[in-house]
Amino acid sequence: MDKLYSLTAAQMKDLLDRKEVTSVEITKSVIDRIEKTDGEIQAYTSYNFDQALQQAAAADEKRAKGETVSELAGIPVAVKDNMCTKNLRTTAGSKMLGNFVPPYNATVVEKLIADGAVIIGKTTMDEFAMGSSGENSAFQVARNPWDTTRVPGGSSSGSAATVAASQVPLALGSDTGGSIRQPACLTGIVGMKPTYGAVSRYGLIAYGSSLDQIGPMARTVDDAAMLFKAICGKDKMDATSKDYTYTPYGDSVKGMKLGLPKEYFGEGISAEVKERIYQAVEVLKAQGAEIVEVSLPSTDYALSAYYIIACAEASSNLGRYDGVKYGFTGSDRSSLENLYVSSRSEGFGEEVQRRILLGTYVLSSGFYDAYYKKAKVLQKVIAKEFDDALKLCDAIITPLNPTTAFKIGEKSNDPVAMWAGDICTVTLNIAGLPGINVPCGFDSNNMPIGFQVLGRKFSESTLLTIAKCYENTVGGFAVKEF
Amino acid sequence: MEIDIMRLAKLAKLSIPEEKVEEFRKKMEDIIQMVEKLPDLDTQGSLVDPTNTMELRKDEVQPSFPRDEMLQNAPYTAAGCILIPKVVD
């Protein structure tokens, strides 16, 4: 069977269950596909092909023996390079961790391996997940398969690119301010940021610990749900993780109330994006959803709150990189102080240094109350506004990104313009809520557009239901022939 | 607003090359101008969220990582220890 690599995870599972193909055949097809296309897409910073073939063979053996296997058994999954993989280089897209080989697996990776999934490689990303384009990787810039002169979004750039280019059906991303949803949007795939606490963060290289969350990326809603189901739940290694009962989702929005917040449809959102999203809303309305207007008045301030909180946490989290215990070590060992300074200055890229400096600034004496504390109070206000709005509806629909994918280099020298693009996504992380990107057509350059469905805490099944209803109604999402 | 970028760099244990100082400062000022957009809010009171009670694990002795595995990623080691520049005379 040719083009096994292009199947969805659900299709792969069916063929495996019916013993029409083996996982080794699927994995070889995926490896071959990556070898042929990754020179252009640049989605991976490390391949795990040898071990992947062993994992595939092990899954095949279990199936052949008639043992009960998990849904993901024998299915290839790509993992963002900020999740620790035992004995497999994990760089977080940084020179600082360029040679770092973790002695343990992140809980999500451990769960995938226990399920018999095939870990195909580690995906390219913005350094320490700081970026919205993938251009901040210390190693390479992943490409958007729809137009390889454009960015795939970020920071989970490689995870989005590899799924959109049909190199692999599933990938894990992480989302601190939109890093799963925005690249999913820009590459026309499904990406879900779960509720804070739904998925363990143990072994995820920290950026903003109170905002970070791991989630699934896939070409269909069913596939995204399959991956989410495998990774969610409480973990004793992450005190912020919660007991999570995965509930199956439906495909009907009949009788559901969907909120449209006017603050998300303002001037900054491109006309083409708005038009497509209003059309998508009409599709859901025709399927029986009731549309209600809601208001989230503090949306304008969300970017400030996000960047203050995220960078404050980052400046603390990244304090551990000192050139002593692991990671890059600097050239100046003339004193301990000089070792710290040279390790950090030579090991971190500019954007990371910028965010550390901002975090240091907002936490520094004399500024703490004006910035950090105010942002934390604002966080509560924003969360309360979401709570109130979500009392009037079952879920909220917004644009996911103000524009479609931009050209590589277009914004890379203007951090403020780059940061401003995150306006539709950061609010969720601040409020700890789940959100999903649903592809909904293309702009005049044939670049994908997506809408965001967000909901109450732990309402992932509602979000998946709405996404699934839309997917079914429009006859599935377009896949790029690449 | 003028940012003392050198002081911030010192606090963050970073050194910014001289030819980059101006660029860093300019970008930092733009960024601070952006994040300064905050409403008037009462910042008195505690930031602790009373509804989010975190459960602590039991303090029990558990197996840890073997020393040699932990040292594999350390840049400089000797005799099972991590080497750093001399800190006392």
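Which condition does B:Glu69 not pass, out of (1) within 24 Å of the chain's Cα centre (by Cα); (2) over 28 Å from A:Gln379 (Cβ atoms); (3) surrounded by 10 or more Cβ atoms within 10 Å (Cβ to Cβ); (4) not polar (S, T, N, Q), if it passes all the others?
Looking at each condition in turn, B:Glu69 falls short on (1).
Only residues that are in contact with a helix residue (DSSP H, G or I) (Cβ under 9 Å, 6 or more places away or on another chain) and either assigned to a helix (DSSP H, G or I) or within 30 Å of A:Glu40 (Cβ to Cβ) (or both): list them for the stretch A:396-409, please.
A:Pro399, A:Leu400, A:Asn401, A:Pro402, A:Thr403, A:Thr404, A:Ala405, A:Phe406
Collect the residues in the stretch A:351-367 that are among the basic types (Lys, Arg) and more than 7 Å from every other protein chain (Cβ to nearest Cβ), keeping them in residue-number order.
Of everything in the stretch A:351-367, just one residue is among the basic types (Lys, Arg) and more than 7 Å from every other protein chain (Cβ to nearest Cβ), namely A:Arg355.
For the stretch A:360-383, how many residues are farther than 16 Å from A:Asn429 by Cβ and either surrounded by 18 or more Cβ atoms within 10 Å (Cβ to Cβ) or not small (Gly, Ala, Ser) (or both)?
Summing the residues that are farther than 16 Å from A:Asn429 by Cβ and either surrounded by 18 or more Cβ atoms within 10 Å (Cβ to Cβ) or not small (Gly, Ala, Ser) (or both) in the stretch A:360-383 gives 12.
Scan (1) under 25 Å from the mean Cα position of the chain (by Cα); (2) assigned to a loop (DSSP other than H, G, I, E, B) for the single condition A:Cys393 breaks and write down its number.
Only one criterion in (1) under 25 Å from the mean Cα position of the chain (by Cα); (2) assigned to a loop (DSSP other than H, G, I, E, B) is unmet by A:Cys393, namely (1).
Yes/no matrix, rows are residues, columns are (1) on the phi > 0 side of the Ramachandran plot; (2) touching a residue at least 40 places away in the same chain (Cβ under 8 Å); (3) part of a strand (DSSP E or B); (4) touching a His at 6+ places or on another chain (Cβ under 9 Å):
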{"residue": "A:Gln182", "(1), (2), (3), (4)": "no, yes, no, no"}
{"residue": "A:Ile214", "(1), (2), (3), (4)": "no, yes, yes, no"}
{"residue": "A:Ala230", "(1), (2), (3), (4)": "no, yes, no, no"}
{"residue": "A:Asp243", "(1), (2), (3), (4)": "no, no, no, no"}
{"residue": "A:Lys254", "(1), (2), (3), (4)": "no, no, no, no"}
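Restricting attention to the stretch A:335-350, which residues are of a type in the set (S, T, N, Q) and either touching a Lys or Arg at 6+ places or on another chain (Cβ under 7 Å) or more than 7 Å from chain B (Cβ to nearest Cβ) (or both)?
Residues satisfying the conditions are A:Asn338, A:Ser342, A:Ser343.
Take the stretch A:248-289 and flag every residue that is within 30 Å of A:Met226 (Cβ to Cβ) and acidic (Asp, Glu).
Selection gives A:Asp251, A:Glu282.
Does A:Ala198 count as surrounded by 24 or more Cβ atoms within 10 Å (Cβ to Cβ), of a type in the set (Gly, Ala, Ser), in contact (Cβ under 8 Å) with a residue 60 or more places away in the chain and more than 16 Å from A:Cys232 (Cβ to Cβ)?
So A:Ala198 does not fit the description; no.
Got a sec? Which of A:Ser270, A:Ser252 is more than 25 Å from the chain's Cα centre (by Cα), surrounded by fewer than 19 Cβ atoms within 10 Å (Cβ to Cβ) and among the hydroxyl-bearing types (Ser, Thr, Tyr)? Break it down into steps so the answer makes sense when it comes.
Values: A:Ser270 fails: more than 25 Å from the chain's Cα centre (by Cα).
When all the criteria are applied, what remains is A:Ser252.
For residues in the stretch A:212-249 being among the β-branched types (Val, Ile, Thr) and at pLDDT below 95, which is surrounded by the most Cβ atoms within 10 Å (Cβ to Cβ)?
Selected residue: A:Thr240.
What residue, among those in the stretch B:64-89 that are facing chain A (nearest Cβ under 7 Å) and among the β-branched types (Val, Ile, Thr), is farthest from A:Phe100 (Cα to Cα)?
That would be B:Val87.
Applying the selection to the stretch A:414-441, what residues are touching a Lys or Arg at 6+ places or on another chain (Cβ under 9 Å) and within 14 Å of chain B (Cβ to nearest Cβ)?
A:Asp414, A:Pro415, A:Val416, A:Ala417, A:Met418, A:Gly421, A:Ala431, A:Gly432
Applying the selection to the stretch A:304-326, what residues are touching a residue at least 40 places away in the same chain (Cβ under 8 Å) and at the interface with chain B (Cβ under 7 Å from one of its Cβ atoms)?
Matches in the stretch A:304-326: A:Ser304, A:Tyr307, A:Ile308, A:Ser315, A:Tyr326.
Mind checking whether some residue in the stretch A:84-93 is assigned to a strand (DSSP E or B) and either within 21 Å of the chain's Cα centre (by Cα) or touching a residue at least 40 places away in the same chain (Cβ under 8 Å) (or both)?
Within the stretch A:84-93, one or more residues are assigned to a strand (DSSP E or B) and either within 21 Å of the chain's Cα centre (by Cα) or touching a residue at least 40 places away in the same chain (Cβ under 8 Å) (or both).
Name the residue that is farthest from the other protein chains (Cβ to nearest Cβ), counting only residues in the stretch B:11-29 that are exposed (fewer than 15 other Cβ atoms within 10 Å of the Cβ) and under 22 Å from the mean Cα position of the chain (by Cα).
Let us first name the residues in the stretch B:11-29 that are exposed (fewer than 15 other Cβ atoms within 10 Å of the Cβ), namely B:17-23, B:26, B:29.
From what's left, under 22 Å from the mean Cα position of the chain (by Cα): B:17, B:20-21, B:29.
Numbers: B:Pro17: 8, B:Lys20: 8, B:Val21: 12, B:Glu29: 10 Å.
Only one residue fits best here, namely B:Val21.
Filter the stretch A:1-59 for residues that are among the basic types (Lys, Arg) and buried (at least 17 other Cβ atoms within 10 Å of the Cβ); which is nearest to A:Ala184 (Cα to Cα)?
To start, the set of residues in the stretch A:1-59 that are among the basic types (Lys, Arg) comprises A:3, A:13, A:18-19, A:28, A:33, A:36.
Subsequent filtering for residues that are buried (at least 17 other Cβ atoms within 10 Å of the Cβ) retains A:13, A:28, A:33.
Values: A:Lys13: 23, A:Lys28: 26, A:Arg33: 21 Å.
Ranking the candidates gives A:Arg33 first.
Any residue at all in the stretch A:184-200 that is over 19 Å from the mean Cα position of the chain (by Cα), at pLDDT 95 or above and either assigned to a loop (DSSP other than H, G, I, E, B) or over 22 Å from A:Gly421 (Cα atoms) (or both)? Reasoning before the result, please.
The initial filter retains those residues of the stretch A:184-200 that are over 19 Å from the mean Cα position of the chain (by Cα), namely none.
No, the stretch A:184-200 has no match at all.
Which of (1) under 24 Å from A:Ala310 (Cβ atoms); (2) more than 9 Å from chain A (Cβ to nearest Cβ); (3) under 23 Å from the mean Cα position of the chain (by Cα); (4) not charged (D, E, K, R) does B:Thr51 not meet, given it meets every other one?
Among (1) under 24 Å from A:Ala310 (Cβ atoms); (2) more than 9 Å from chain A (Cβ to nearest Cβ); (3) under 23 Å from the mean Cα position of the chain (by Cα); (4) not charged (D, E, K, R), B:Thr51 violates only (3).
The values are calculated or read from the model by the stated rules, or taken from the named source; none is laboratory data. Only a predicted model underlies this, so the values are computations on that prediction, with no experimental measurement involved. Reconstructed Cβ throughout: ideal geometry from the backbone, glycine too, with neighbour counts over all protein chains shown.
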